[in-house]
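The values are calculated or read from the model by the stated rules, or taken from the named source; none is laboratory data. Just so you know, these numbers come straight off a predicted model, no measurement behind them. Please note: Cβ atoms are built from the backbone with ideal geometry, for glycine as well, and neighbour counts cover all protein chains shown.
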Amino acid sequence: MFHEQQLQRMNKRYVAASLAGDVDWYRMHLADEFVCIESDGSLLNREAFLRLTAKGCSDLADYKLDDVDVQFYGDVALVRALGSWTMKTGARGISRYIDVYVRNDDEWKVVSAQITRANREPDHAAR
């Protein structure tokens with residue numbers, strides 16, 4: 001339960017860091033081999049992700065976590081979430097994402113992130 005609570009907190013902080021452009025948080029919590037697959041299919045390595053974050057390029061005004069699921073596979077954890085967002089323009093939508101964390105010496109680092117924007121609320125029956 002401790003690790004699940006730890007990852008739930010990290011996940012909330014990840015979202016907050018994105019909205020705030022908090023590069024320092026990401027430097028501490030992204031693995032060196034981190035990659036992010038954006039909703040448009042583009043691929044960002046750690047350095048590109050940090051540069052983009054530093055520029056404050058997020059178009060999001062708000063991102064609310066509606067449903068978060070954490071699954072463990074040894075020293076690997078998957079954090080899957082459904083979120084609702086509001087753009088700075090006022091446009092609204094929903095997205096699903098999955099972040100992959102790896103534990104090394106009791107420290108969790110994000111190695112991969114992928115986000116997919118959805119056109120409608122997904123069906124929860126698949127769980």
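Tell me whether region 35-52 contains one or more residues that are of a type in the set (S, T, N, Q) and touching a residue at least 60 places away in the same chain (Cβ under 8 Å). Walk me through it before giving the result.
Taking region 35-52 first, the residues of a type in the set (S, T, N, Q) are 39, 42, 45.
If we keep only those that are touching a residue at least 60 places away in the same chain (Cβ under 8 Å) as well, we get 39.
There is at least one residue in region 35-52 that is of a type in the set (S, T, N, Q) and touching a residue at least 60 places away in the same chain (Cβ under 8 Å).
For every residue, the table says whether it meets (1) buried (at least 16 other Cβ atoms within 10 Å of the Cβ); (2) assigned to a strand (DSSP E or B); (3) at pLDDT 95 or above; (4) of a type outside the set (Val, Ile, Thr).
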residue: GLU47; (1), (2), (3), (4): no, no, yes, yes
residue: THR53; (1), (2), (3), (4): yes, no, no, no
residue: CYS57; (1), (2), (3), (4): no, no, no, yes
residue: ASP66; (1), (2), (3), (4): no, yes, no, yes
residue: VAL70; (1), (2), (3), (4): yes, yes, yes, no
residue: LEU78; (1), (2), (3), (4): no, yes, yes, yes
residue: VAL102; (1), (2), (3), (4): yes, yes, yes, no
residue: TRP108; (1), (2), (3), (4): yes, yes, yes, yes
residue: ARG117; (1), (2), (3), (4): no, yes, no, yes
I'd like the residue in region 80-90 that is small (Gly, Ala, Ser) and touching a Phe, Trp or Tyr at 6+ places or on another chain (Cβ under 9 Å) and, out of all such residues, is modelled with the highest pLDDT. ALA81
Which residues, counting only those in region 35-45, are in a strand (DSSP E or B) and either touching a His at 6+ places or on another chain (Cβ under 8 Å) or closer than 21 Å to ARG117 by Cβ (or both)? VAL35, CYS36, ILE37, LEU43, LEU44
Looking at GLY93, GLY83, which is the one that is in contact (Cβ under 8 Å) with a residue 24 or more places away in the chain, in a strand (DSSP E or B), in contact with a Ser or Thr (Cβ under 7 Å, 6 or more places away or on another chain) and not aliphatic (A, V, I, L, M)? GLY83
